[in-house]
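Visitor: Questions regarding the structure given below will be posed in turn.
The values are calculated or read from the model by the stated rules, or taken from the named source; none is laboratory data. Every value quoted in this text rests on a predicted model; they were computed, and no experiment measured them. Heads up, the Cβs are rebuilt from the backbone with ideal geometry, glycines too, and the neighbour counts pull from every protein chain shown.
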Amino acid sequence: MELAYYSDYAVRLVNTEQPERGGDTLTSVEAVRELFGEAQQAARRATESDVTRLRTVRSRLRAVFEAADRGDEVLAVDLLNALMMEFPVSPQISGHEYRDDDNRPKWHMHIADHAANATAGFTATACMGLAFHLTELGVDRLGICEAKPCRNAYLDTSTNRSRRYCSDRCATRANVAAYRARKRRESGRTAVAAQESTARGER
């Protein structure tokens with residue numbers, strides 16, 4: 001499995017909070033376990049303490065995405081490096097479950113989980129995945145959704161680096177809002193032109 005795959009851990013964690021709406025789904029041990037997805041063995045170690053710990057990490061990861069979104073590449077990298085120093089990973093070569101045509105293991109890099117607690121393991125994995133994504137595709141591939149009031153984090157995997165929204169739903173909502181705003185402006189200009197024309201006719 002490519003280590004960049006783990007970048008989704010960072011996105012999932014950041015998006016448990018919607019600061020513009022005052023929403024937060026990271027409120028229980030069950031919510032922490034859901035973050036781990038298929039990594040159920042690691043999720044079983046989660047405790048109430050991990051709720052608070054992961055919220056702190058979430059704020060720091062959001063700062064990485066926000067710095068990248070503003071175009072401040074150096075700050076984004078510095079913030080991510082600080083997290084990786086605090087939450088180091090233990091990489092290992094793995095061949096489980098994957099076989100080639102000759103039934104030999106397909107060796108790949110995997111992140112071993114020897115962390116002291118669930119938060120440390122999740123954070124190390126998320127940061128390493130995000131680092132691989134950032135170095136392979138570029139800092140500008142980390143973004144914050146432009147659809148108000150969403151502000152979700154996303155990873156741009158488009159071929160032309162054109163993504164501006166976290167989902168098709170947000171893109172559609174933003175396009176509809178822009179269309180309605182244009183129509184209002186056009187209606188306003190038409191009304192002004194009609195008034196001016198009437199005024200000229202009355203002279």
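Visitor: If you go through the stretch 152-179 one residue at a time, how many are modelled with pLDDT under 75 and of a type in the set (Lys, Arg)?
Guide: Qualifying residue count, the stretch 152-179: 0.
Visitor: Give me the residue from the stretch 115-138 that is part of a helix (DSSP H, G or I) and not hydrophobic (A, V, I, L, M, F, W, C) and, out of that set, surrounded by the most Cβ atoms within 10 Å (Cβ to Cβ).
Guide: It comes out as THR123.
Visitor: Could you check, for the stretch 38-47, whether at least one of its residues is assigned to a helix (DSSP H, G or I) and either over 19 Å from ALA124 (Cα atoms) or not assigned by TED's automatic domain parsing to the domain that holds LYS148 (or both)?
Guide: no
Visitor: Do we find a residue being surrounded by 20 or more Cβ atoms within 10 Å (Cβ to Cβ) and not hydrophobic (A, V, I, L, M, F, W, C) anywhere in the stretch 37-53?
Guide: yes
Visitor: Also, I was wondering about something else. I'd like to know if the stretch 97-114 contains one or more residues that are out of contact with any Cys (no Cβ under 6 Å at 6 or more places or on another chain), crowded, with 19+ Cβ neighbours inside 10 Å and over 15 Å from ALA4 (Cα atoms).
Guide: No, the stretch 97-114 contains no residue that is out of contact with any Cys (no Cβ under 6 Å at 6 or more places or on another chain), crowded, with 19+ Cβ neighbours inside 10 Å and over 15 Å from ALA4 (Cα atoms).
Visitor: Moving on. Take the residues in the stretch 13-36 that are crowded, with 18+ Cβ neighbours inside 10 Å and charged (D, E, K, R); name whichever of them is farthest from PHE65 (Cα to Cα).
Guide: Among them, the one singled out is ARG33.
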